[in-house]
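Here the structure is laid out as structure tokens; the discussion comes afterwards.
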Amino acid sequence: MNRPVLVVGGGPAGLSAANALAMAGQRVVLVDKADRLGGAPILSGYAKLVPSGEWAKDAIGGMVRRVESNKLIDVRKNATVKTFTGSPGDFRAALSDGKTVEASAAVLCTGFTHFDSVNKPEWGFGTYPDVVTTTQVEQMLSSGKGVRCPSDGRVPERVAILLCVGSRDRQIGREWCSKICCTVSSNLAMEIRETLPKCNVYIYYMDIRTFGLYEDTYYWKSQEEFKVKYIKARIAEVTSDGKRLIVKGEDTLVKRPITIPFDMVVHAIGMDPNVDNMTLSAVFDVKLEKHGHIAKASTYSNMSATSHPGVFVAGAATGPETIDDSIAQGQSAAMAALTASQGAMKEAAE
Ligand SMILES: Cc1cc2nc3c(=O)[nH]c(=O)nc-3n(C[C@H](O)[C@H](O)[C@H](O)COP(=O)(O)OP(=O)(O)OC[C@H]3O[C@@H](n4cnc5c(N)ncnc54)[C@H](O)[C@@H]3O)c2cc1C
Ligand code: SF4
């Protein structure tokens, strides 16, 4: 029998890779540093997902249950990989829990780290309790308690969502677009309007990137059916007059300064490279691309390959990705790992 495939990270990409491998009869060891599987949608308590509208706990929770009940998948939570040596078909990984895994191939599905809004201090996060992030709004909605101002629990009458916080910002070294936050923000704005019909929601943007089919189902729908207002602006700062938050900047369409009061300001935070990537790069001997994501070795021939033969990558570990694309990449990496693992076994038998 060939050795199991080591999958590192049990978010949407890793769950999908592990399930695809097991469906093909391949044993898997799935290692995650967290105490729960599910990745960002579960660990950060996302609410209704783009584009399906399903609750994250149902959609991704279902993937977790499927993996945890599969006898071919050995799940190791609260664990990381300390060393990784050998060659394709014959790798050896030492885990932080003291166990050793012999593996035929590895798939890195270690995802991303949410941008920490304290790195954008002029926009009020960390100074004013009613300046929150999109993940906090997701948690308010998924907890069933609804969107409330953290300072005093009141229902907000006016909410501003600021896009591109920690993305497309060269001054703080984040040049990339995080791809999904425009659409996620439109989705959250509609959820706020649905649950609090008297609340006015404004989205402040540089550009709107509700890409592909999301243009009408999120951007236009949020305006036409839910009366969400979009303002093209450069935001300078978020302050307070003691009663309300004040968003200051310039409306870049009419080229006039704006000073507008709000009860709550939401940062649409971006997707940073996983803070562990330097360590993962050293342990698995894989190259990182210039921003610090795990580099793909090829774009077209084998999209899951890394610079290390036998080690593959999928999902937001490679850069900002959506859940559905991460799942597709997990399946693609599973196929690549299976092929590599069977190839190595065949070579050994000859
Ligand atoms: C606010 C917000 C809302 C979003 N909403 C949506 C949405 O509605 N729809 C959508 O398509 N996308 C959404 N996204 C994007 C979505 O979060 C990602 O597409 C998805 O989480 C990527 O899955 P992944 O498995 O690649 O990575 P992750 O979800 O980041 O999972 C990575 C896993 O690896 C583990 N891990 C990390 N490092 C290590 C290590 N060193 N050793 C072991 N384990 C490790 C982590 O614990 C985690 O379980 C949203 C993003 C944000 C920021
Ligand atoms: S998806 Fe939208 S909010 Fe996110 S970085 Fe790109 S343009 Fe900014």
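The values are calculated or read from the model by the stated rules, or taken from the named source; none is laboratory data. The structure displayed is predicted, hence computed values, not measured ones. Cβ coordinates were reconstructed from backbone atoms using ideal geometry, including for glycine residues, and neighbour counts include every protein chain displayed. We work out accessible area using only protein heavy atoms, side chains counted, and drop any ligands, DNA or RNA first. Shrake-Rupley method; radii C 1.70, N 1.55, O 1.52, S 1.80 Å.
Residues checked against (1) open to solvent by 20 Å² or more (accessible area, probe 1.4 Å); (2) touching a Cys at 6+ places or on another chain (Cβ under 6 Å); (3) modelled with pLDDT of 95 or more:
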| residue | (1), (2), (3) |
| --- | --- |
| 184 | yes, no, yes |
| 190 | no, no, yes |
| 194 | yes, no, yes |
| 206 | yes, yes, yes |
| 210 | no, yes, yes |
| 215 | yes, no, yes |
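Within segment 225-238, residues that are hydrophobic (A, V, I, L, M, F, W, C) reach partners that are open to solvent by 60 Å² or more (accessible area, probe 1.4 Å) with beta carbons closer than 6 Å, at six or more positions or on different chains, in the pairs 236/248.
Screening residue 99 on (1) open to solvent by 60 Å² or more (accessible area, probe 1.4 Å); (2) touching a residue at least 24 places away in the same chain (Cβ under 8 Å) shows it passes everything except condition (2). Against the conditions (1) open to solvent by 50 Å² or more (accessible area, probe 1.4 Å); (2) farther than 19 Å from residue 86 by Cβ; (3) touching a strand residue (DSSP E or B) at 6+ places or on another chain (Cβ under 9 Å), residue 290 satisfies every one except (3).
Which residue is farthest from residue 47 (Cα to Cα), if the candidates are limited to segment 139-163 and must be assigned to a helix (DSSP H, G or I) and open to solvent by less than 60 Å² (accessible area, probe 1.4 Å)?
Going through segment 139-163, the residues assigned to a helix (DSSP H, G or I) turn out to be 139-142.
Among the residues that remain, those that are also open to solvent by less than 60 Å² (accessible area, probe 1.4 Å) are: 140-142.
Working: 140: 8, 141: 6, 142: 5 Å.
Looking at the filtered set, the residue picked out is 140.
If the condition is being in a loop (DSSP other than H, G, I, E, B) and either at positive phi or touching a residue at least 60 places away in the same chain (Cβ under 8 Å) (or both), then segment 182-223 contributes 212, 213.
Conditions tested, residue by residue: (1) touching a residue at least 12 places away in the same chain (Cβ under 8 Å); (2) hydrophobic (A, V, I, L, M, F, W, C); (3) more than 30 Å from residue 155 (Cα to Cα); (4) away from ligand 2 (no atom under 16 Å from the Cβ).
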| residue | (1), (2), (3), (4) |
| --- | --- |
| 284 | yes, yes, yes, yes |
| 323 | yes, yes, yes, no |
| 335 | yes, yes, yes, yes |
| 339 | no, no, yes, yes |
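Filtered by the rule that a residue be assigned to a loop (DSSP other than H, G, I, E, B), within 11 Å of ligand 1 (Cβ to nearest atom) and among the hydrophobic types (A, V, I, L, M, F, W, C), segment 164-181 gives a lone residue, 180.
Yes/no matrix, rows are residues, columns are (1) within 12 Å of ligand 1 (Cβ to nearest atom); (2) crowded, with 20+ Cβ neighbours inside 10 Å:
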| position | (1), (2) |
| --- | --- |
| 6 | yes, yes |
| 14 | yes, yes |
| 24 | no, no |
| 28 | no, yes |
| 33 | yes, no |
| 46 | yes, yes |
| 52 | yes, no |
| 58 | no, no |
| 62 | no, no |
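Say whether the condition of being at pLDDT 95 or above, more than 15 Å from ligand 1 (Cβ to nearest atom) and under 19 Å from the mean Cα position of the chain (by Cα) is met by at least one residue in segment 275-286. No: segment 275-286 contains no residue that is at pLDDT 95 or above, more than 15 Å from ligand 1 (Cβ to nearest atom) and under 19 Å from the mean Cα position of the chain (by Cα). Among the residues of segment 233-246, some residue qualifies, meaning at least one is open to solvent by 20 Å² or more (accessible area, probe 1.4 Å), within 18 Å of residue 174 (Cα to Cα) and either within 16 Å of ligand 1 (Cβ to nearest atom) or among the charged types (D, E, K, R) (or both).
Can you confirm whether residue 85 is touching a residue at least 40 places away in the same chain (Cβ under 8 Å), among the hydroxyl-bearing types (Ser, Thr, Tyr) and closer than 25 Å to residue 292 by Cα?
On the way: touching a residue at least 40 places away in the same chain (Cβ under 8 Å): no; among the hydroxyl-bearing types (Ser, Thr, Tyr): yes; closer than 25 Å to residue 292 by Cα: yes.
Here the answer is no, as residue 85 does not meet what is asked.
Here residue 313 meets each of (1) surrounded by fewer than 23 Cβ atoms within 10 Å (Cβ to Cβ); (2) of a type in the set (A, V, I, L, M); (3) within 25 Å of residue 86 (Cα to Cα) with one exception, condition (1).
Within segment 102-136, the residues that satisfy the criterion of being buried (at least 20 other Cβ atoms within 10 Å of the Cβ), in contact with a Lys or Arg (Cβ under 9 Å, 6 or more places away or on another chain) and of a type outside the set (Gly, Ala, Ser) are 110, 115, 130. Looking only at segment 128-139, how many residues end up being out of contact with any strand residue (DSSP E or B) (no Cβ under 8 Å at 6 or more places or on another chain) and over 19 Å from residue 190 (Cα atoms)? Counting residues in segment 128-139 that are out of contact with any strand residue (DSSP E or B) (no Cβ under 8 Å at 6 or more places or on another chain) and over 19 Å from residue 190 (Cα atoms) gives 1. Within the bounds of segment 56-73, is there any residue that is part of a loop (DSSP other than H, G, I, E, B) and in contact with a Cys (Cβ under 8 Å, 6 or more places away or on another chain)? Checked against the condition, which is being part of a loop (DSSP other than H, G, I, E, B) and in contact with a Cys (Cβ under 8 Å, 6 or more places away or on another chain), segment 56-73 yields no hits at all.
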